[in-house]
Amino acid sequence: MAGNNVYEESPEEDTQRDKYLIFSLGRQFYGIEIEYVTEIIGLQPIAGIPDLPEYIKGIINLRGKIIPVMDVRLRFRMEPQPYNDRTCVIVIDILDEILGLIVESVSEVLPIPPEEIVPAPDSPGSGRFVTRIGKTAHGVKLLLDCAKLLRDAEPERPGNAIQPNE
């Protein structure tokens, strides 16, 4: 009987394994594990909060839930770009915290098998958030560590780690 339970649960577990939500910033494509994605929404009105890092744009009210939003482009220390009709918010749930990631556009959910993923080279700047690189038929996708996006404080301003939902 126990063997049957394991067999029955495996297909359910496999539905999100090795799948990544692919989004773009400029000409580069990034991926986050689909298991962390709650939903993708259009850009909402953002209420700014003083004295937060520049990349935390503020909070949104999503169906009664207050969610901090981060501009991923600014988090990576890229030049700011104006938001447009393709700009969206990827709502993620990581480490029991909910966060909205503002990205330029979302393109697809892409399966990337483990044998097509290699460790990212060490590099300064946004390299600390990119932990792996996925090789696909249409180029490489930089795979992000969502926990580091949420928790890593800016090196110049220690103590400014995000504290959403508090």
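Residues in the stretch 86-130 that are of a type in the set (D, E, K, R), open to solvent by 60 Å² or more (accessible area, probe 1.4 Å) and either closer than 21 Å to ILE59 by Cβ or not in a loop (DSSP other than H, G, I, E, B) (or both): ASP93, ASP96, GLU108, GLU115, GLU116, ARG128. Applying the condition of being surrounded by fewer than 17 Cβ atoms within 10 Å (Cβ to Cβ) and of a type in the set (Val, Ile, Thr) to the stretch 49-77 and asking which residue is nearest to the chain's Cα centre (by Cα) yields ILE66.
The values are calculated or read from the model by the stated rules, or taken from the named source; none is laboratory data. These numbers were taken from a predicted model, which means no experiment stands behind them. Heads up, the Cβs are rebuilt from the backbone with ideal geometry, glycines too, and the neighbour counts pull from every protein chain shown. Note: areas computed on protein heavy atoms with side chains; ligands, DNA, RNA excluded. Shrake-Rupley method; radii C 1.70, N 1.55, O 1.52, S 1.80 Å.
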